[in-house]
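Notes to accompany the following structure.
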Amino acid sequence: MAKFKHEENMLNINIDTSDLSPQQTRLIKTIIEEIHHVCTTTDEGEFFDGSADLMRMCAAIIKQGTFTSKLKIDGIPYAEQALEYSMDAINDCVDTTKIVNYDN
């Protein structure tokens, strides 16, 4: 579970890491840092490279998910299927000109 607390100019994120491997924990921290970097950079190269790195890290965390490592039924490649499904959703976002708003 994750808890978020937003104070003036600061977002505090607390994530229960008891079910995560050290590698998953490091990757989550790096993803959060890269999200911030992509959102705030003013350099074109950093924006494009950071965006690509962020997407690669998201793919890596999906591949490392508990679901994919603990549930192996008939050799079904769940991680790859989840990534393909995600890419279809991303392509839908790329193809539409409307910006999706995820504010809660």
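Odds and ends about this structure:
- Condition check for Ile15: in contact (Cβ under 8 Å) with a residue 12 or more places away in the chain and in contact with a Cys (Cβ under 9 Å, 6 or more places away or on another chain): no
- Test set (1) more than 11 Å from the chain's Cα centre (by Cα); (2) of a type in the set (Lys, Arg); (3) at pLDDT 90 or above - Arg56 fails condition number: (1)
- Scanning the range 34-53 for residues that are closer than 25 Å to Glu80 by Cα, surrounded by fewer than 13 Cβ atoms within 10 Å (Cβ to Cβ) and under 13 Å from the mean Cα position of the chain (by Cα) yields a single hit, Ala52.
- Val100 fulfils the conditions (1) hydrophobic (A, V, I, L, M, F, W, C); (2) modelled with pLDDT under 95; (3) surrounded by 13 or more Cβ atoms within 10 Å (Cβ to Cβ) except for a single criterion, (3).
The values are calculated or read from the model by the stated rules, or taken from the named source; none is laboratory data. These numbers were taken from a predicted model, which means no experiment stands behind them. Neighbour counts are summed over all protein chains in view; Cβ atoms, including those assigned to glycine, are modelled from backbone coordinates with ideal geometry.
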